[in-house]
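Derivation of every value follows stated rules applied to the coordinates shown; laboratory data play no part. A quick note: this is a predicted structure, and the numbers were derived from the prediction, not measured. Note that each Cβ is placed from the backbone with ideal geometry, even for glycine, and that neighbours are counted across all protein chains shown.
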Amino acid sequence: MSAFLPPILRTARLVLRPFERSDAPDLLRVFADAEVVRYWSSGAWTDIAQAEAMIAEAHQAYLDGGLYRYAIALADTNRLIGICNLRGHFEQNRRCELGYALGRAHWGQGYAGEALEALLGHAFHALDINRIEADIDPRNEASARLLEKLGFRQEGYMPERWIVHGEKADTAFYGLLRRYWDERAATHSSAHATG
Ligand SMILES: CC(C)(COP(=O)(O)OP(=O)(O)OC[C@H]1O[C@@H](n2cnc3c(N)ncnc32)[C@H](O)[C@@H]1OP(=O)(O)O)[C@@H](O)C(=O)NCCC(=O)NCCS
């Protein structure tokens, strides 16, 4: 087990926690679905060893700091339903990149928004990150809507940046600054105060 583990983050319905070895079957279920990996550079998983490798990579990263990866689990059951992570942390610039995926059975219920609210709040305040970036396929409407709802702004468009499942794919590039996050929090709390 790692010497450093990211702290557990709790929301109303979810727990963001470090990976456990016993998560492998639930993790495989998430990434064995071709719809989940439709816009990812790797194909649908077929083997439990792929889930075990992701868990091992997360544990190694808890040690060397290369990747800050959480399991998203249901609070009621502690069962993994997805993942979210921050990677590519540039210490001097206090910047990193966001990634996330949920199993299809849990889409459309507000879980990703709820999980990322907690992760981003932790990143800006506890980790003192100043800027978080996300690179998505512009056809991924759920992902674009999710980012915009969280306060990300689209900053760029890069045609044919990736080859995904043999097909050229564009990038819509998004950024979220800590000051946007703080302004959004202030707007939400004044709306609650007056509403
Ligand atoms: C992207 C993903 C994480 C969204 O998860 P989710 O839990 O369904 O998202 P939420 O329920 O929190 O919804 C966030 C917003 O997106 C909207 N949304 C969700 N699915 C949508 C869809 N298919 N089309 C358009 N909007 C959608 C929601 O309505 C919500 O907006 P609203 O509050 O204004 O109604 C999920 O679809 C997923 O795991 N996809 C596969 C992996 C992936 O593509 N990851 C990103 C790679 S960059």
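Annotations
- Phi-derived couplings, Karplus 6.51 cos²θ - 1.76 cosθ + 1.60 at θ = phi - 60°, listed residue by residue for the stretch 129-136: 6, 9, 8, 10, 10, 9, 10, 10 Hz, with x used for Gly and Pro.
- Neighbour-count order for W107, W181, fewest beta carbons within 10 angstrom listed first: W107, W181
- Look at the dipole of the stretch 141-195 built from charges on Cβ: of G156, G175, S143, the Cα furthest out on the positive end belongs to G175.
- In sequence order, calculated HN-Hα J values of the stretch 88-98 (Karplus, 6.51, -1.76, 1.60; Hz; x Gly/Pro): x, 6, 9, 4, 4, 9, 6, 10, 8, 10, 9
- Residues R17, R79 arranged by fewest to most Cβ contacts within 10 Å: R79, R17
- Each residue of the stretch 147-153 is assigned a 3J(HN,Hα), and the resulting list reads 5, 5, 4, 7, x, 5, 10 Hz, derived from the Karplus form 6.51 cos²θ - 1.76 cosθ + 1.60 (θ = phi - 60°), x at Gly and Pro.
- Gyration tensor over alpha-carbon atoms, the chain, equivalent ellipsoid semi-axes in Å: 25, 21, 18
- As a proxy for reagent exposure, F90, F31 were ordered by neighbouring Cβ count within 10 angstrom, fewest first; the result is F90, F31.
- Computed over neighbours whose Cβ is under 14 Å from that of D128, the net charge equals +3, Lys and Arg +1, Asp and Glu -1.
- In the chain, helical runs assigned H by DSSP with n ≥ 4 each contribute -39500 (n - 2.57); averaged across all residues and rounded to the nearest 500, the mean residue ellipticity at 222 nm is -10000 deg cm²/dmol.
- Under 5 Å from the amide H of V164 lie the amide H atoms of A169, each residue being 5 or more positions distant or on a separate chain, with H modelled from the backbone and absent for Pro and chain starts.
- Computed over the chain, relative contact order equals 18 percent, with contacts defined as Cα pairs under 8 Å that lie 6+ residues apart.
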